[in-house]
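Read the figures in this text as sums done on the coordinates, not as results from a lab. Small disclaimer: the values here were computed from a predicted structure and weren't measured. Don't worry about glycine lacking a Cβ; one is built from the backbone with ideal geometry, like all the others, and counts go over all protein chains shown.
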Amino acid sequence: MLATDAILDRTTAGPGGAVSGRAAGSAAGTLTGAGAAAPVVLERARGRAEIAFKLSAGATRVDRLFQEGQAKIRLPRGEPGDPPTAVVINTAGGVTGGDRLDIAASWGPGTAATVTGQAAERIYRSSGGAGTIHNRLSVGAGATAEWLPQETILFDRSRLARRLEVDLAADARCLIVESVFFGRGAMGERVTDGALSDHWRLRRDGRLVLAESFRAGGDTTALFAGRATGAGAIAFATLLYAAPDADRHLDRLRGLVDDDAREPTVEAGTSAFDGFLVARLLSPSPQALRRDLVRILEAFRGRPMPRPWSC
Amino acid sequence: MPANGTAIGMADGGIRAASSEDAPVGGAVDVAATAPDGTSRAASAGLLDLMVWLSPAFPVGGFTYSHGLEWAIEDGSVATAADLEAWLADVLRHGAGRNDAILFAAAWRAAAGSDVATLAEIVELAAALQPTRERRLEASQQGAAFVKAVTDAWPHDAMAALVATLQARFGTVPWTYAVAVATASAAHGIALSDALPATLQAFAANVISAGVRAIPLGQTDGLRILRRLGPVIAEVAVEGLAAGLDDLGGAAVRADIASMKHETQYTRLFRS
């Protein structure tokens, strides 16, 4: 929270004058938990940020960093020896209809780095049209990439169209996690009208090898009541690990997912095929899903989650 | 076969493509010949082919796949005829049914227009969309077996040309079942508005058949479910005709998880 406030202040003082009112509104919404009822702000947020990593003297360094509008990237100092972590920040404090965010990250040959998000991405009520988020990852030969954004929270009457395009070298490794909450559960919110389309397209050596398309619209509470959809779940996550030997990690991931320490309300499955490891999780409790995801990810990666996850 | 009988009924019932571009391109049959009662010989021949291709007896091994249903039965999510109907309605509306309908329509149009570049993209996308190991197996084994059986037993220039071009592009073409049926239907001049709902219904009939055996249910229960899902199949087919590839996507997350869990299910009758 403190970190976010500092960033909002900085943005307000910066050249993007139109941002201030919007950022204040979003911050207020976050504090009171009434985000879905935040006043409609007509300015459209635009943000574009790009980061590229390269190998230099055996260590991964930032090769290029570009940011404009409401998208920022910060590079907090990490533990010595750990791969660098880049933190993507949406200074608008959320996404609403007509907003557009473009984030790109590229991992040069042999690099290892993590990209995460400063906070949950909140998708607020749209007065018309969808917010658009377009993420592009490019993972070079022998590189190890982690794309670990925090959860996306859709509030009632929000609209989001998101794309994730991933280009993998044949021997690249890439861990991707995305979780989506339809409301925050514990606060009794019900998303009776929402729209999400989330398209992932992963190419290996230029060939489309994995496509994931998640699509929910209308009364999502009713949609996810079905036993083949969610059986009452409102929180969903997909974990994807691409690697030439991904299949070899299946038993380990399956063991973590089915571990006795798992959250009782979380249902999950895992599969492996064609150099991919996939796990899906769902729960009626966003908090339980997040705890389980953190437990699984920390064990799978053998490292604690990036710091913003615990702020 | 119930699937085929109803498929013809549904075609009569008015699932019609929005534009004339969805009319068949005409295969080897005489398109102009029309009987006094209005039945064209070409349309009848196409429907007869389609009925054979979608029959459970067609050698694609459909009876060995449950699309994750076997786990849902094990898990207790599907225990009755009503449960099976609800499960399958969700899979049709929010899972593989709707995605297959969209891919089917797009593949049919590309194949009918001899747009092999677009068809190749759809072939690749449909394969990439299969979310688990067993769903990949289910879609790809049936797709490849379907293309082999149709090209072996129904030699046809338009289909042979499409298959040869795709083979030159991919080596081994990553066929999936819905895209394979769409491609053959277009090449053979079978109307999209017939082939799409009939294929969806064959998929539904196959999952019901798995349910009838694994729950178990009576044959009549299975037939009733198929009849009651008729409007859902029609609705999904219409949506598939109108939608584009950007409209792909689903929310049948528990059906995906069921397929994943099926991989380690202790006693299994089915391959998916």
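Taking the Cα of A:A141, stepping 7 Å toward and past its beta carbon, and measuring to each backbone N in the range A:199-241: which are under 15 Å?
Flagged as within label range: A:205-206.
List A:S138, A:S127 from most exposed to least, where exposure is judged by having the fewest other Cβ atoms within 10 Å. Walk me through the numbers before you get to the answer.
Details: A:S138 20, A:S127 13.
With the fewest neighbours first, A:S138, A:S127 line up as A:S127, A:S138.
Can you list, largest first and rounded to whole Å, the semi-axes you get for the range B:32-177 by taking the square root of 5 times each eigenvalue of its Cα gyration tensor? The partial results should precede the final answer.
Details: eigenvalues 175, 93, 43 Å².
Rounded to whole Å, the semi-axes are 30, 22, 15.
Would the range B:137-210 count as rounded, prolate or oblate if I go by the C-alpha gyration tensor, calling it rounded below 1.5 in a/c and otherwise prolate when a/b exceeds b/c, oblate otherwise?
Numbers: a/c = 2.18, a/b = 1.37, b/c = 1.59.
Note, shape of the range B:137-210 comes out oblate.
Can you run phi through the Karplus equation (6.51, -1.76, 1.60; θ = phi - 60°) for the range B:172-180 and list ³J(HN,Hα) in whole Hz, with x for Gly and Pro?
8, 6, x, 4, 10, 4, 4, 5, 5
Only residues of the range A:284-309 count here: report those whose backbone N is under 15 Å from the spot 7 Å along Cα→Cβ of A:R252, or say none.
Only A:296-304 pass the distance filter.
Would you mind ranking A:F181, A:F66, B:F170 so that the residue whose beta carbon has the fewest other beta carbons within 10 Å leads the list?
Sorted ascending by nearby Cβ count, the order is A:F66, B:F170, A:F181.
In nm, give the distance between the simple-model label positions of A:S56 and B:L48, each being 7 Å from the Cα along the Cα-to-Cβ direction.
Each label point lies 7 Å from its Cα, and together they span 7.4 nm.
In which sequence would A:D259, B:D37, A:D193 go, from the one with the fewest C-beta neighbours within 10 Å to the one with the most? Could you put the intermediate results ahead of the total?
On the way: A:D259 12, B:D37 5, A:D193 15.
Neighbour counts put them in this order, fewest first: B:D37, A:D259, A:D193.
Per-residue mean of other chain beta-carbon atoms within 10 angstrom of the beta-carbon, peptide B:242-255?
Values: counts 0, 0, 0, 2, 5, 3, 5, 11, 7, 14, 5, 16, 12, 4.
Average neighbour count from other chains, rounded to a whole number: 6.
Non-local amide H neighbours of A:R157 (under 5 Å, H modeled in plane, Pro and chain starts lacking H): which ones?
Distant-sequence amide H within range of A:R157: A:T192, A:D193, A:G194.
Using the crude model of +1 on Lys and Arg Cβ and -1 on Asp and Glu Cβ, and no other charge, please compute the dipole size for chain B relative to its Cα centre, in debye to 20.
Numbers: 18 positive and 28 negative charges, 102 e Å.
It works out to roughly 500 debye.
Along the charge dipole of chain B, pointing to its positive end and built from +1/-1 on Cβ of Lys, Arg, Asp and Glu, which listed residue (B:L229, B:A161, B:G218) has its Cα farthest out?
Looking along the dipole axis, the top candidate is B:G218.
Of A:R125, A:R248, A:R280, which has the largest mean-square fluctuation in a 10 Å C-alpha GNM of chain A?
A:R248
Using a Förster distance of 25 angstrom, determine the FRET efficiency expected from the C-beta separation of A:T192 and A:L65, and round it to 0.05.
Values: r = 41 Å, r/R0 = 1.64.
Calculated value: 0.05.
About the Cα centre, and with charges only on the beta carbon of Lys, Arg (+1) and Asp, Glu (-1), how big is the dipole of the range A:164-229? Nearest 20 debye, please. Don't skip to the end; give the middle numbers.
Working: 9 positive and 10 negative charges, 35 e Å.
Using Cβ point charges on Lys, Arg, Asp and Glu, the range A:164-229 gives about 160 debye.
Suppose every Lys and Arg Cβ carries +1 and every Asp and Glu Cβ carries -1, with no other charges. What dipole size does the protein assembly as shown come out with about its Cα centre, to the nearest 20 debye? If you can, show how the numbers build up before the last one.
Working: 57 positive and 63 negative charges, 279 e Å.
Computed charge dipole of the protein assembly as shown: roughly 1340 debye.
Choose one answer from A:R204, A:R46, A:R215: the residue with the largest mean-square fluctuation in a GNM of chain A with alpha-carbon springs under 10 Å.
Among A:R204, A:R46, A:R215, the largest GNM mean-square fluctuation belongs to A:R215.
In a Gaussian network model over chain B where Cα atoms closer than 10 Å are linked, find which of B:A149, B:A120, B:A139 has the largest mean-square fluctuation.
Evaluated over chain B, the most mobile residue of the options is B:A149.
Given a Förster radius of 56 Å and the C-beta distance between A:S310 and B:A161 as r, what FRET efficiency does 1/(1 + (r/R0)^6) yield to the nearest 0.05? Provide the component values of the computation, followed by the final result.
On the way: r = 59 Å, r/R0 = 1.06.
Using R0 = 56 Å, I get an efficiency of 0.40.
Counting only C-alpha contacts under 8 Å and six or more residues apart, can you give the relative contact order of chain A as a whole percent?
11
Would you compute, from DSSP H runs of 4+ residues alone, the mean residue ellipticity of chain B at 222 nm, taking -39500 (n - 2.57) per run and dividing by the full residue count, rounded to the nearest 500? Intermediate values should be presented prior to the final figure.
Working: 13 runs with 176 residues, N = 272.
Using -39500 (n - 2.57) per qualifying helix, the result is -20500 deg cm²/dmol.
In the range B:97-118, which residues have a backbone nitrogen under 11 Å from the label point lying 7 Å from B:R169's Cα in the Cα-to-Cβ direction?
B:110-111, B:114-118
Which shape class applies to the range A:157-268: rounded if a/c is under 1.5, otherwise prolate when a/b exceeds b/c and oblate if not, where a ≥ b ≥ c are the square roots of the Cα gyration tensor eigenvalues? Walk me through the numbers before you get to the answer.
Working: a/c = 2.83, a/b = 1.40, b/c = 2.02.
Here the range A:157-268 falls in the oblate category.
Assuming 0.890 mPa s and 25 °C, estimate D for the range A:43-193 with Stokes-Einstein, Rh taken as the Kirkwood radius over Cα pairs, in µm²/s. Before the final figure, lay out the partial values.
Values: Rh = 16.1 Å.
It diffuses with D of about 152 µm²/s by this estimate.
Can you compute log10 of I(q)/I(0) for chain A with the Debye formula, treating each Cα as one identical point scatterer, at q = 0.07, 0.11 Å⁻¹?
Those come out to -0.26, -0.66, one per q.
Mind checking which of A:A52, A:F236, A:L154 is farthest towards the positive end of chain A's charge dipole, using Cβ charges of +1 (Lys, Arg) and -1 (Asp, Glu) about the Cα centre?
Sorting the options by dipole projection puts first A:A52.
Enter the mean number of other protein chain beta carbons within 10 Å of the beta carbon of each residue in B:121-131, as an integer.
Numbers: counts 1, 0, 0, 5, 4, 1, 5, 11, 6, 4, 10.
Counting other chains' Cβ atoms within 10 Å and averaging over B:121-131 gives 4.
Taking chain B as the region of interest, what is the percent of Cα-Cα pairs per 5 angstrom bin, listed from the shortest bin to the one with the maximum distance?
P(r) for chain B, in whole percents per bin: 1, 6, 14, 18, 20, 17, 12, 7, 4, 1, 0, 0.
Using R₀ = 45 Å, calculate the FRET efficiency as 1/(1 + (r/R₀)^6) where r is the Cβ-Cβ separation of B:R213 and A:H134; round to 0.05. Walk me through the numbers on the way to the answer.
On the way: r = 46 Å, r/R0 = 1.02.
Efficiency for this residue pair is about 0.50.
At A:D260 and B:D152, where each label point lies 7 Å from the Cα along Cα→Cβ, what is the point-to-point distance in nanometres?
My value for the distance between the label points is 5.2 nm.
Based on the Cα coordinates of the range A:125-210, what is the per residue volume of their convex hull in Å³? Walk me through the intermediate numbers first.
Working: hull volume 7.8 nm³, N = 86.
Cα-based convex hull of the range A:125-210, divided per residue, equals 91 Å³.
Taking each residue of B:74-83 in turn, how many C-beta atoms of other protein chains fall within 10 Å of its C-beta, and what is the average?
Details: counts 0, 2, 1, 4, 2, 0, 0, 0, 0, 1.
Neighbouring Cβ atoms belonging to other protein chains average 1 per residue here.
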